[in-house]
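The structure appears below as structure tokens.
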Amino acid sequence: MKINKLRFNNGLRLVHNEDTSTQMVALNVVYDVGARDEHPEHTGFAHLFEHLMFGGSVNVPDYDTPLQLAGGENNAWTNNDITNYYLTVPRPNVETGFWLESDRMLGLAFSEQSLEVQRGVVMEEFKQRCLNQPYGDVGHLLRPLAYKVHPYRWPTIGKELSHISQATLDEVKSFFYRFYAPNNAVLAVTGNISWEETVRLTEKWFAPIPHREVPVRRLPQEPLQTEERRLEVERNVPLDALFMVYHMCSRDDADYYAFDILSDILSNGRSSRLNRKLVQEEKLFSNIDAYISGTRDAGLIHISGKPSAGVSLEQAETAIRRELDTLKQSLVGEQELEKVKNKFESTQIFGNINYLNVATNLAWFELTGQAEDISLEVERNRSVTAEQLRIVAQKTFREENSAVLYYKKRN
């Protein structure tokens with residue numbers, strides 16, 4: 001993959017990859033701000049901004065209409081680490097995308113009315129996803145069980161509804177000018193556009209935006225967990241559910257890819273261990289899943305499932321721990337490991353065929369290291385050995401490193 005890069009005087013980092021097989025262009029802007037940058041008593045702001053950014057900017061009162069008239073589409077998402085905005089537009093109308101995205105970075109059309117509208121939208125989303133949906137509050141229960149100090153202890157949508165309902169215009173403005181800055185962002189441009197044209201349009205629309213003072217991130221480090229943590233709740237849900245997490249390394253740690261492979265061995269596809277043994281053969285679970293959080297700071301490996309009728313949560317937990325003990329004691333077979341690595345490689349290859357996926361991935365890798373790292377993902381995954389997997393499993397799958405949530409159906 002040919003990657004072009006340039007850093008502008010205001011600190012904005014530009015990355016580019018040309019793809020002439022499409023007639024579309026993608027712009028992806030990732031800001032180095034997420035829920036981990038919020039004050040513990042003012043959570044949900046990063047997610048609130050995902051919505052505010054569509055409420056009009058200093059020179060563009062309506063973001064969506066001009067893009068739709070240009071044949072474009074857009075969306076955004078937020079997590080604990082970053083906020084990501086992207087749009088796609090036909091090649092002849094690409095300047096519309098640069099104009100719209102740069103004006104949002106320059107400044108929003110802050111008003112009490114816009115804040116009231118978007119605050120209402122976010123509060124409804126909080127109620128719908130976390131309060132009125134079965135198992136919707138799992139994140140609010142499990143995160144503070146696993147994290148005691150680090151800001152990963154609250155979900156992206158916010159810790160409490162009141163944090164959003166009480167957000168003031170001054171607080172919102174302060175958050176924007178602290179984090180939404182060219183020197184705190186990466187712009188990735190992919191698709192049918194040359195490097196020269198990309199530089200020209202970025203220079204025209206983004207370069208005049210002033211550099212801003214972005215605070216140095218000083219997050220509290222989560223202390224080592226030394227004893228098992230457990231919580232049991234009852235809710236109006238159709239089935240009991242089991243949620244288990246273990247602390248793991250950060251995204252840039254050498255063992256990160258070992259954790260990724262372990263989660264795939266446990267629960268990626270019908271032939272994965274938990275699915276084959278606990279769902280299909282022993283019929284202890286109706287469904288089960290394992291995945292890693294993939295966070296920039298030290299994260300979690302999650303295992304969750306709903307036991308079959310007549311199976312207690314205690315029996316279900318014992319069965320999972322038995323499978324984890326097997327990973328700690330025995331080497332993963334060569335064929336099983338190769339299958340998981342092949343699946344990862346094919347996902348990477350097919351994912352990077354799409355010009356929009358490439359834009360998102362380039363922005364992420366440039367923000368967290370360098371864009372060229374996108375080409376090392378398969379190699380890093382392939383370098384993981386069976387012995388490394390066993391060592392990581394032994395280090396991780398210990399009771400004193402776990403947090404367990406019993407989510408019971410109310411009788």
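The values are calculated or read from the model by the stated rules, or taken from the named source; none is laboratory data. Remember, predicted model here, so these are calculated numbers, not experimental data. No Cβ is skipped: glycine too gets one built from the backbone with ideal geometry, and neighbour counts run over all protein chains shown. Ligands, DNA and RNA are stripped out before the accessible areas are found, and what is left, the full protein with its side chains, is counted by its heavy atoms. Shrake-Rupley method; radii C 1.70, N 1.55, O 1.52, S 1.80 Å.
Here are the numbers for the structure shown:
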read-out: Segments classed as helices (runs of 4 or more DSSP H), wholly inside the stretch 1-116, with at least 1 members that are more than 20 Å from Leu169 (Cα to Cα); value: 64-69, 94-106
read-out: So Gln133, is it open to solvent by 30 Å² or more (accessible area, probe 1.4 Å), of a type in the set (S, T, N, Q) and not in a helix (DSSP H, G or I); value: yes
read-out: Matching residues in the stretch 73-98 - criterion: being small (Gly, Ala, Ser) and closer than 17 Å to Asp19 by Cβ; value: Gly97
read-out: Only listed residue being over 30 Å from Ile301 (Cα atoms) and either free of Cβ contacts under 8 Å to residues at least 24 places away in the same chain or not β-branched (Val, Ile, Thr) (or both), chosen from Lys148, Lys173; value: Lys173
read-out: Enumeration of residues in the stretch 236-276 that are open to solvent by 10 Å² or more (accessible area, probe 1.4 Å), farther than 30 Å from Asp373 by Cα and part of a strand (DSSP E or B); value: Phe243
read-out: Any hit, the stretch 208-220, residues being outside any loop (DSSP other than H, G, I, E, B) and surrounded by 15 or more Cβ atoms within 10 Å (Cβ to Cβ); value: no
read-out: Val340 being under 23 Å from Tyr256 (Cα atoms), of a type outside the set (Gly, Ala, Ser), in contact with an Asp or Glu (Cβ under 8 Å, 6 or more places away or on another chain) and in contact (Cβ under 8 Å) with a residue 60 or more places away in the chain; value: yes
read-out: Filtered residues of the stretch 236-270 (kept if in contact (Cβ under 8 Å) with a residue 40 or more places away in the chain and over 18 Å from Gly299 (Cα atoms)); value: Asn236, Val237, Pro238, Leu239, Asp240, Ala241, Leu242, Ile265, Asn268, Gly269
read-out: Which listed residue is outside any helix (DSSP H, G or I), more than 20 Å from the chain's Cα centre (by Cα) and either surrounded by 14 or more Cβ atoms within 10 Å (Cβ to Cβ) or at positive phi (or both), from Leu231, Leu224; value: Leu231
read-out: Residues (buried (at least 21 other Cβ atoms within 10 Å of the Cβ) and either aromatic (Phe, Trp, Tyr) or within 30 Å of Arg235 (Cβ to Cβ) (or both)) located in the stretch 365-403; value: Phe365, Thr396, Phe397, Ser402, Ala403
read-out: Filter result for the condition that a residue is open to solvent by 30 Å² or more (accessible area, probe 1.4 Å) and at pLDDT below 95, over Thr347, Thr326; value: Thr347
read-out: Any hit, the stretch 277-287, residues being closer than 29 Å to Asn28 by Cβ, acidic (Asp, Glu) and surrounded by fewer than 17 Cβ atoms within 10 Å (Cβ to Cβ); value: no
read-out: Residue count for the stretch 223-244, restricted to those that are among the aliphatic types (A, V, I, L, M) and more than 15 Å from Leu145 (Cβ to Cβ); value: 3
